[in-house]
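These notes concern the structure reproduced below.
What follows draws every value from the coordinates through simple rules; no lab data is involved. Computed from a prediction, not measured in an experiment: that's the story for all the values here. With ideal geometry, Cβ positions are generated from the backbone for all residues, glycine too; neighbour counts draw on all protein chains shown.
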């Protein structure tokens, strides 16, 4: 995603997801404009596609961000993308438990997200990432800047999601479910 060695030191902030109203990419772009005004060295990437892509492309131009925002469309190597990002942002109006945040944390990428849906639980009330008010581009921009200036230790987030969502946990949970169902069936026959 960074492209060349000369871009290795350039701060990169990204968002990934379907370009639909509930994901609120426009808020991300408003925050990007505020960040760019303070830190012109920061670059932004939007990963994904969807019904609002043309609108978002127009907003990028309207905010004069074309030189600092890249829209990639869908990419298959998200692990590489998360590894390149200095901050992963999520600007959704509502969410359940977003896989993108789980993946970012597992990759050791700092997260700044809106305080909606399952995100406060997933980010353990802000312990594993910064939470900001939904719809507040200033708070999103400030939290991204703080994260760029003071990157958190990635290990707590990585350990938390691996223990909650890793393959060992999945196997253990499925095994317990099957044992419970078999025990019910055995009990019903008795």
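Remarks
- A crude spin-label estimate for the pair residue 188 and residue 133, with each label 7 Å from Cα along the Cβ direction, gives 5.2 nm.
- Gain on full extension, evaluated as 0.36 nm per residue between residue 124 and residue 79 minus their Cα-Cα distance, stands at 13.9 nm.
- Pairs of Cα atoms nearer than 8 Å and 6+ residues apart set the relative contact order; for the stretch 111-157 it is 36 percent.
- Efficiency of FRET between residue 58 and residue 175 - r from beta-carbon atoms, R0 41 angstrom, step 0.05: 0.20
- Order of 35, 15, 102, 167 under a 10 Å beta carbon neighbour criterion, fewest first: 167, 102, 35, 15
- Sorted peptide list for 69-75, 141-147, criterion being average Cβ within 10 angstrom, highest first: 141-147, 69-75
- Compared with the alpha-carbon gap, the fully stretched path from residue 22 to residue 153 is longer by 44.2 nm at 0.36 nm per residue.
- Rel. contact order, % - alpha carbon contacts under 8 angstrom, at least six apart, the chain: 20
- Averaging the sequence gap over all C-alpha pairs within less than 8 Å and six or more residues apart, then dividing by the number of residues, gives the stretch 29-117 a relative contact order of 25 percent.
- Overall dimensions of the stretch 5-153 as given by Cα atoms, namely Rg and Dmax in Å: 13.8, 39
- Fraction of antiparallel bridges per DSSP, the chain only, in percent to nearest 5: 5
- Using a Förster distance of 22 Å, the FRET efficiency for residue 97-residue 41 (Cβ separation, nearest 0.05): 0.10
- Centre separation in Å (Cα based) which lies between the stretch 6-61 and the stretch 80-158: 15
- By other beta-carbon atoms within 10 Å, ranking 78, 155, 19 with the fewest at the front produces 155, 78, 19.
- Residue exposure proxy: 165, 82, 178, ordered by other Cβ atoms within 10 angstrom of their Cβ from fewest to most, comes out as 178, 165, 82.
- Stretching residue 162 away from residue 51 to a fully extended chain increases their span by 36.7 nm, per 0.36 nm per residue minus the current alpha-carbon distance.
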